[in-house]
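The values are calculated or read from the model by the stated rules, or taken from the named source; none is laboratory data. In this text, all values refer to a predicted model and were calculated from it rather than measured experimentally. Using ideal geometry, Cβ is built from the backbone for each residue, glycine included, and neighbour counts are taken over all protein chains shown.
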Amino acid sequence: MDERRDQPAARCAAADAKDRTPCEGPLVAATIIAADGSEITGCVRHSARRLASMDGTRLHPMAALLPWAVDIYCRAAELPPFAWQVGL
């Protein structure tokens, strides 16, 4: 029997506890820098959701070298803040 079936899927650090959407892409796709200077590393989906939800956040400058940086910014621009609270 496969023991991994009983364990929940791994989640990135950027996923909010109330956000039930699965991670997309690498769990360490990009690092978000919050307005207070703290850093959160997450997958493509949850990094975009954090960007859309937290004032003053930005991608770490080194994210510009990553192929999915533009995707994260574009997704964030289309999302409402705290998208998981409205079912998105």
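Can you confirm whether region 12-21 contains a residue that is part of a helix (DSSP H, G or I) and either surrounded by fewer than 17 Cβ atoms within 10 Å (Cβ to Cβ) or in contact with a Ser or Thr (Cβ under 8 Å, 6 or more places away or on another chain) (or both)?
No, region 12-21 has no match at all.
Give the number of residues within region 53-72 that are part of a helix (DSSP H, G or I), out of contact with any Ser or Thr (no Cβ under 9 Å at 6 or more places or on another chain) and surrounded by fewer than 18 Cβ atoms within 10 Å (Cβ to Cβ).
4
Of the residues ARG75, ARG4, which is basic (Lys, Arg) and at pLDDT 90 or above?
ARG75
Within the set of pairs 6+ apart or on separate chains, which have a first residue in region 13-31 that is within 22 Å of GLN85 (Cβ to Cβ), a second that is basic (Lys, Arg), and C-beta atoms under 7 Å apart?
Sorted first by the residue in region 13-31, then by its partner, the pairs are ALA14/ARG50; ASP19/ARG49; THR21/ARG45; CYS23/ARG11; CYS23/ARG45; GLU24/ARG45.
Do the conditions hold for THR57, that is, is it in contact with a strand residue (DSSP E or B) (Cβ under 6 Å, 6 or more places away or on another chain) and over 19 Å from GLU24 (Cα atoms)?
yes
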